[in-house]
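Novice: Before anything else, here's the structure in question.
Taken together, the values in this text are just the output of simple stated rules run on the coordinates, not laboratory data. Every value quoted in this text rests on a predicted model; they were computed, and no experiment measured them. Reconstructed Cβ throughout: ideal geometry from the backbone, glycine too, with neighbour counts over all protein chains shown.
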Amino acid sequence: MKSHTAYLTMNLPTRRAFVNITQDVRDAVEKSGVREGMVLVNAMHISASVFINDDESGLHHDYDAWLERLAPHAPTNQYRHNDTGEDNADAHLKRQVMGREVVVAITAGKLDFGPWEQVFYGEFDGRRKKRVLIKVIGE
Amino acid sequence: MKSHTAYLTMNLPTRRAFVNITQDVRDAVEKSGVREGMVLVNAMHISASVFINDDESGLHHDYDAWLERLAPHAPTNQYRHNDTGEDNADAHLKRQVMGREVVVAITAGKLDFGPWEQVFYGEFDGRRKKRVLIKVIGE
Amino acid sequence: MKSHTAYLTMNLPTRRAFVNITQDVRDAVEKSGVREGMVLVNAMHISASVFINDDESGLHHDYDAWLERLAPHAPTNQYRHNDTGEDNADAHLKRQVMGREVVVAITAGKLDFGPWEQVFYGEFDGRRKKRVLIKVIGE
């Protein structure tokens, strides 16, 4: 069994953002030399997500507006987590809707993707350094 | 390490539906010859889900009504994604709640399932051809 | 390839609760002898979750209140699933928001975690025996 581990560093200038990291995942799979296996991609921080969807700016706007409706940032004092001095309770909720991780099949050395699948990092509490983990296993 | 890849084709006559695909997953595991490992099952399209829950029609009704409340289909012009000419923005949101994929343990050659676990394909924008990927790895 | 399987038994005295199971996952990884690989941790019951987030009691309060807002337990007759004699339809919905499973990378024999990541069992219909599966694969 082969394995390969890569880490991406994120430091986004806004509280919320979506970043396409598909090429980084492809690069890690290529480096691994794995032809048949799986790749795990996960946020290493608990107020961020990794998810797979469409690279379409209107959709990303819709996600942002929808997540704000499901779990609004303000008023921050509606959340007990924010009694600790944080203001990011909403980010912990939003991340659960969008998910922590994705697992993608590797077939014949490539990400085995449908026509529109792209991997995104979803930031819900930016303006600080965070990391994404890419773990490839297979043979 | 052994691996096996299977693809299911879906083409459902309604916009939204849930389809039990547990037997297809069992068949792929059996074909793989894997005794200890994992199987990944994912929607290859970004307006559909694969998830694990109960095969109970009342519950499926509840999921559908609940998802419509969280992310209504209409009015379609409430979503910027639909400015592209699509009318399926809600499907991209519903899919995030229900998830893209499941990973299931294989123990002694079988899906290592609790008493009620069943694998479902969740369609949120049907009436077109879509695919599901099943990837088995292990030994 | 090495593999190792462990099962945890849960029997919580309340309908809803969050339990930190990180040490159990670490123990299973250590027992497996796997240095590079992945560990899958999933609820084996369909009204419970396994997820990764912060071990902070205010946040857990926020999760509970938020999930009750998204998918209220009462009135129980709002759900068709409850026509079967159950009263736990809301638990099946809450579990979809929080997720069934997590997959965690193992690097150099350890859970490859960010600074705040902890694994939780989320119970949404307790007062009965349930199980969690931990499956380790790698080498």
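Novice: Take the alpha carbon gyration tensor of region C:1-56, find the square roots of its eigenvalues, order them as a ≥ b ≥ c, and report rounded if a/c is under 1.5; if not, report prolate when a/b exceeds b/c, else oblate.
Specialist: prolate
Novice: Let me ask something else about it. Considering only C-alpha atoms, what is the centroid distance from region A:93-127 to region A:42-68, in Å?
Specialist: Computed from Cα coordinates, the inter-centre distance equals 9 Å.
Novice: Take residue C:15, project a point 7 Å from its Cα along the Cβ direction, then tell me which residues of region C:77-106 have their backbone nitrogen under 20 Å from it.
Specialist: Once the point is set 7 Å along Cα→Cβ of residue C:15, C:77-99 turn out to lie under 20 Å by backbone N, inside region C:77-106.
Novice: Tell me the relative contact order for chain B as a rounded percent, counting alpha carbon contacts under 8 Å between residues six or more apart.
Specialist: Over chain B, the number comes to 54 percent.
Novice: Same structure, new question: Could you tell me what % of all Cα pairs in region A:77-136 have separations over 20 Å? Working shown, then result.
Specialist: On the way: 799 of 1770 pairs.
Looking at region A:77-136, the distances longer than 20 Å represent 45 percent of pairs.
Novice: I would also like to ask the following. Run through the other copies and list how far each one's label point is from that of residue C:74, in nm with one decimal, shortest first; the point sits 7 Å from Cα along Cα-Cβ.
Specialist: 3.5, 3.5
Novice: Please compute, for peptide B:11-18, the average count of beta-carbon atoms on other protein chains lying within 10 Å of each residue's beta-carbon.
Specialist: 0
Novice: So the label point sits 7 Å from Cα along the Cα-to-Cβ vector; using that for residue B:115, what distances do you get to the other copies, in nanometres, sorted shortest first?
Specialist: 4.5, 4.5
Novice: Suppose we look only past 28 Å in the calculated P(r) of chain B. What percent of the Cα-Cα pairs does that tail hold?
Specialist: 23
Novice: Using the C-alpha atoms of the protein assembly as shown, what convex hull volume per residue, in cubic angstrom, is computed?
Specialist: Output value, Cα hull per residue: 131 Å³.
Novice: Zone of residue A:27 (label point 7 Å along Cα→Cβ, backbone N under 14 Å): which residues in region A:102-139?
Specialist: A:132-134
Novice: Within 10 Å of each Cβ of C:124-133, how many other protein chain Cβ atoms are there on average?
Specialist: Average per residue, whole number: 1.
Novice: Ok, one more. How well do other chains shield peptide C:35-48, expressed as the mean number of their Cβ atoms within 10 Å of each residue Cβ?
Specialist: Values: counts 1, 7, 4, 9, 0, 7, 1, 9, 3, 8, 5, 12, 3, 1.
The per-residue average across the peptide is 5.
Novice: Once the label point is set 7 Å along the Cα-to-beta-carbon vector, what list of distances in nm do you get between residue B:31 and its counterparts in the other copies?
Specialist: Label-point distances to the other copies, shortest first: 3.4, 3.4 nm.
Novice: Would you please put B:107-113, C:37-43 in order of how densely packed they are, using the mean number of other Cβ atoms within 10 angstrom per residue and starting with the highest?
Specialist: C:37-43, B:107-113
Novice: Can I ask one more? Quickly estimate the mean residue ellipticity at 222 nm for the protein assembly as shown, helices only: each DSSP H run with n ≥ 4 gives -39500 (n - 2.57), and the total goes over all residues, rounded to 500.
Specialist: Result for the protein assembly as shown, helices only: -8000 deg cm²/dmol.
Novice: Under the classification rounded if a/c is under 1.5, otherwise prolate if a/b is larger than b/c and oblate if not, where does region A:55-111 fall, given a ≥ b ≥ c as square roots of the Cα gyration tensor eigenvalues?
Specialist: On the way: a/c = 4.42, a/b = 1.95, b/c = 2.27.
Oblate, since a/c reaches 1.5 and b/c is not below a/b.
Novice: Another question, then. Once you have a ≥ b ≥ c as the square roots of the Cα gyration tensor eigenvalues for region C:32-72, tell me rounded if a/c is under 1.5, and otherwise prolate or oblate according to whether a/b is larger than b/c.
Specialist: Oblate.
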